[in-house]
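Take a look at the structure set out below.
What follows is calculated from the coordinates using simple rules that are stated; it is not laboratory data. Just so it is clear, the model here is predicted, and its values are computed rather than measured. When we count neighbours, we look across all protein chains shown, and the Cβ atoms used for this are built from the backbone with ideal geometry, even at glycine.
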Amino acid sequence: MKAQLFKKLQQITEQNLMDIESHKQNGNHAIGFYCLYAPTELATAADAIPLPLCGTRQDPIEAAEEALPRNLCPLIKSSYGFAASDTCPFFRFSDMIVADTTCDGKKKMFELMNRITPVHVLQLPQQQNTDLFLDPWKAEISLLKQKVENLTGKQITDQDISNAIQLLNREREALKRLMDVTRAIPSPLTGMELIEILFKTGFFADKHKGIAIMDEIADACETMVQNGESPFKKTTPRILMTGVPVGLGSDKVIRIIEESGANVVAFENCSGYKKTFQVDETKDPLTALAETYLSIPCSVMSPNPGRFDLLEEMITGFSVDGVVDLTWQACHTYNIEAYGVQEFVADRFALPYLHIETDYSQSDTEQLRVRIEAFLEMI
Ligand code: SF4
Ligand code: SF4
């Protein structure tokens, strides 16, 4: 059953490029996004397809290094490399790029990317104090609304935004339900399977297709749990991964952890559980978007207390045996925050913790394997 659903997921993924193409041929647009802080609801409200563009592959990095320094985060180089080498169909489909002032490397890279395709940069506050920063952030979101209106020629009403909030809340609910199936001991899904589903459904032109397949897989997994079926044993070590985002192509650490006999059951990052927030459907829609998106607990915020609240909830809720904290090379915010995360995991939970700093290449695979195997022996 699960295998058939993965086949279906692959078929929808293959059909998806044609779906985007026909959407655009009908006079509609696609908008590329690079960060979880940007409210994709504004694209959906204007019938534009929001496409997540963060680069997760090693291949385009060489092209990026012709313009960018080598000692830069691989996610930034991969993202720029796809644009510079014109090798990402989703970038090519994007009529406009929405970026945010998150970390230094990313915001300076967007200045170069703007030479390739128009980039609109949201001035993201670096702190979540709503008294000081909610109004300017809401003004940024209003400005984005105007930019999207100018691009698409569609006047976006409050009702359009409310409808988009409802649809994307439904998508986030499906994501959460899917990610919650791994709370079961043993889990019915591998971490690699979970990453594949999260990654592929993110690009779907038709949100309803993504919601439907996630619900189907969650149903199948819940049945597996009821029948006592799992690829793991009750004693398999359960790992929570925190830190930077991961996707297909930047999954080496997850793969090594699972090849070494553990199961990554939870992703406390912006490609995983940080995506499961709900936007308040009862408030003025722009205020609700501003409040919710500003509260996302990424390390680019200083301080970033929400990450520790989320870690607390997830370490307990997913019955975790150990925490792996992943930092992409040259990501200063996650690298520095790792110190506090290590203390928190040790003091609050007395659990084994491993901090890994790496890039997208395979050059350190065997070295990582040795460290991960030693870490798993502590569980
Ligand atoms: S890690 Fe933070 S800054 Fe980077 S994409 Fe995710 S939310 Fe945005
Ligand atoms: S992983 Fe870190 S350095 Fe890389 S883009 Fe995200 S915040 Fe910036």
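Taking the Cβ of G191 as the centre, find all other residues whose Cβ is under 13 Å away and add up their charges (Lys, Arg: +1; Asp, Glu: -1).
Working: positive: R238, K252, R255; negative: E193, E196, D251, E258, E259, E268.
Spelling it out: positives minus negatives among the neighbours equals -3.
Over the stretch 1-62, what is the relative contact order in percent, taking alpha-carbon pairs closer than 8 angstrom and at least six residues apart? Working shown, then result.
Numbers: 38 pairs, mean separation 16.5, N = 62.
For the stretch 1-62, the relative contact order is 27 percent.
Using R₀ = 30 Å, calculate the FRET efficiency as 1/(1 + (r/R₀)^6) where r is the Cβ-Cβ separation of D158 and K2; round to 0.05. Can you show the working numbers first?
Values: r = 41 Å, r/R0 = 1.38.
For D158 and K2, the calculated efficiency is 0.15.
Measure nothing fancy, just the Cα-based angle from helix 305-317's long axis to the longest principal axis of the chain, in degrees from 0 to 90, nearest 10.
Orientation of helix 305-317: about 50 degrees from the principal axis.
In deg cm²/dmol, rounded to 500, what helix-only [θ] at 222 nm does the chain give when every DSSP H run of at least 4 residues adds -39500 (n - 2.57) and the total is split over its residues? Don't skip to the answer; put the middle values down first.
Details: 15 runs with 194 residues, N = 379.
Value at 222 nm, helices only, nearest 500: -16000 deg cm²/dmol.
Under a 5 Å amide H to amide H cut-off, with H placed in plane at 1.01 Å, what residues pair with G322 once short-range neighbours are removed?
For G322, the qualifying residues are R238, L240.
With springs connecting C-alpha atoms under 10 Å apart, model the chain as a Gaussian network and identify which of C270, C331, C88 has the largest mean-square fluctuation.
C88
Using alpha carbons only, how many degrees (0 to 90, rounded to 10) separate the axis of helix 207-226 from the longest principal axis of the chain?
The helix 207-226 is inclined about 20 degrees to the chain.
Taking a ≥ b ≥ c as the square roots of the eigenvalues of the Cα gyration tensor of the stretch 215-276, is the shape rounded (a/c under 1.5), prolate (a/b larger than b/c) or oblate? Please report the intermediate quantities before stating the final value.
On the way: a/c = 2.14, a/b = 1.31, b/c = 1.63.
The shape class here is oblate.
In degrees between 0 and 90, to the nearest 10, how far off the longest principal axis of the chain does helix 130-152 point, with axes built from Cα atoms?
Helix 130-152 sits roughly 60 degrees off the main axis of the chain.
So which residue, out of E41, E193, E268, gets the largest mean-square fluctuation from a GNM of the chain using Cα contacts under 10 Å as springs?
Looking only at E41, E193, E268, the largest GNM fluctuation is found for E193.
List Y80, Y353 from most exposed to least, where exposure is judged by having the fewest other Cβ atoms within 10 Å. Each step should come with its number before you reach the end.
Values: Y80 27, Y353 20.
The order, fewest Cβ neighbours first, is Y353, Y80.
Rounded, prolate or oblate for the stretch 25-156? Axes are the square roots of the Cα gyration tensor eigenvalues, ordered a ≥ b ≥ c, and the cut-off for rounded is a/c under 1.5.
It comes out oblate by the Cα gyration axes.
A99's amide H: which non-local residues (gap 5+, or another chain) put their own amide H closer than 5 Å, with H modeled 1.01 Å from N in plane and none for Pro or chain starts?
H120, V121, L122
Quick one: among D158, D215, D347, which has the greatest mean-square fluctuation in a GNM of the chain with alpha-carbon springs under 10 angstrom?
With Cα springs under 10 Å in the chain, the top fluctuation among D158, D215, D347 is at D347.
Say the dipole of the chain comes from +1 at the beta carbon of Lys and Arg and -1 at that of Asp and Glu; which of M301, V265, T365 then lies farthest toward its positive end?
Towards the positive end, the residue furthest out is T365.
What's the center-to-center distance, using Cα atoms, between the stretch 282-313 and the stretch 1-75 in Å?
So the separation of the two Cα centres works out to 23 Å.
When only C-alpha pairs under 8 Å and at least 6 residues apart count, what is the relative contact order of the stretch 21-138, in percent? Don't jump to the answer; show the numbers that get you there.
On the way: 176 pairs, mean separation 28.6, N = 118.
Value for the stretch 21-138: 24 percent.
Using the Cα gyration tensor of the chain, with a ≥ b ≥ c the square roots of its eigenvalues, what is the shape: rounded (a/c below 1.5), prolate (a/b larger than b/c) or oblate (neither)?
Working: a/c = 1.44, a/b = 1.32, b/c = 1.10.
Rounded shape, in that the Cα axes give a/c under 1.5.
Can you sort F90, F267 so the residue with the fewest Cβ neighbours within 10 Å comes first? Walk me through the numbers before you get to the answer.
Values: F90 18, F267 27.
The fewest-first ordering by Cβ neighbours comes to F90, F267.
Could you tell me the relative contact order of the chain? Use alpha-carbon pairs under 8 Å, at least six residues apart, and round to a whole percent. Working shown, then result.
Numbers: 606 pairs, mean separation 70.5, N = 379.
Computed over the chain, the figure is 19 percent.
Give, rounded to the nearest 20 debye, the magnitude of the charge dipole that the stretch 312-379 has about its Cα centre when Lys and Arg contribute +1 at Cβ and Asp and Glu contribute -1 at Cβ.
On the way: 3 positive and 13 negative charges, 11 e Å.
Dipole of the stretch 312-379, to the nearest 20 debye: 60 debye.
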